[in-house]
Amino acid sequence: MPHDEAFAPSMLHLVIPSGAEVWRSVELAVLPQLSLTLTNAVIVEASLSREPFPATGTIASERNLALSSGLANVLLCPFGAMPMIAEYQRAAARSPNPCQRGLAARRPRRSG
């Protein structure tokens with residue numbers, strides 16, 4: 001067994017992905033998540049807001065929800081934020097699945 005490998009500190013450097021790597025990440029991560037996000041965070045939320053509040057529920061239209069969610073993701077994700085985590089915690093807390101409830105209970109909730 002060779003023992004000539006060692007860990008050493010190194011300088012950080014910026015890695016710019018190639019076009020093929022970007023396309024692969026779009027195929028594997030963006031496209032599958034897009035349908036879930038559009039369904040759960042846009043279409044269902046708009047529909048649910050119109051049910052109890054028919055007069056003012058149109059403020060939360062699909063267009064407005066998509067724009068606000070997209071803007072939050074574009075502006076906050078470069079800083080490490082995950083804007084949809086609050087929606088995940090709310091949905092998991094209401095879920096009949098005990099595993100999801102347990103995961104939601106373990107995550108610290110953000111105030112505000």
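FYI, it's all coordinate maths here, none of it is from the lab. Keep in mind that what you see is a predicted model, and the values were worked out from it rather than measured. Heads up, the Cβs are rebuilt from the backbone with ideal geometry, glycines too, and the neighbour counts pull from every protein chain shown.
Some points to look at:
- The range 1-83 shape via C-alpha gyration tensor axes, a/c threshold 1.5: prolate
- Rounded to whole Hz, the Karplus (6.51, -1.76, 1.60) HN-Hα couplings of the range 46-53, x for glycine and proline: 5, 5, 5, 6, 7, 5, x, 10
- From phi via Karplus (6.51, -1.76, 1.60), per-residue ³J(HN,Hα) for the range 72-79 in Hz, x at Gly/Pro: 4, 5, 5, 7, 9, 5, x, 9
- Cβ-to-Cβ counts within 10 Å put Leu48, Leu38 in ascending order as Leu48, Leu38, the fewest first.
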